[in-house]
């Protein structure tokens, strides 16, 4: 059995899971690199890879913080029934999405041609 360096103790079981859950809860992005968990801001993690709300399939909406499978399906269904979103704020027309959730997902999304929505 390999010896550990003095003064170093292994992380408690579930520590990485706790870090991931906390990062997701605050809207952070979780990156797994070299077996380590890192938390990054959305714009630093994906500077040019934001989700276009007018072209994304429901499965991709699931990656957004606060959006689960049901809400993702509603977003795609609303877009199909009522047409494209003119701005990120238009997402509030979907039942279950309010201004707070729009603010939470704003760093991750664009509307239309892939140009970031103004803050």
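The values are calculated or read from the model by the stated rules, or taken from the named source; none is laboratory data. Quantities reported herein were computed from a predicted structural model and do not represent experimental measurements. Ideal geometry is used to build each Cβ from the backbone, glycine not excepted, and the neighbour counts take in all protein chains shown.
Some observations on this one:
- Looking across segment 46-55, the residues that are part of a loop (DSSP other than H, G, I, E, B) and either surrounded by fewer than 19 Cβ atoms within 10 Å (Cβ to Cβ) or at pLDDT below 90 (or both) come down to 46, 47, 48, 49, 50, 54, 55.
- Any chance residue 41 is in contact with a strand residue (DSSP E or B) (Cβ under 9 Å, 6 or more places away or on another chain), modelled with pLDDT under 60 and surrounded by 14 or more Cβ atoms within 10 Å (Cβ to Cβ): no
- Residue within segment 70-83 that is at pLDDT 90 or above, outside any helix (DSSP H, G or I) and either surrounded by 10 or more Cβ atoms within 10 Å (Cβ to Cβ) or out of contact with any strand residue (DSSP E or B) (no Cβ under 8 Å at 6 or more places or on another chain) (or both) present: yes
- Residues in segment 56-68 that are more than 10 Å from the chain's Cα centre (by Cα) and either over 19 Å from residue 100 (Cα atoms) or crowded, with 17+ Cβ neighbours inside 10 Å (or both): 56, 57, 58, 59.
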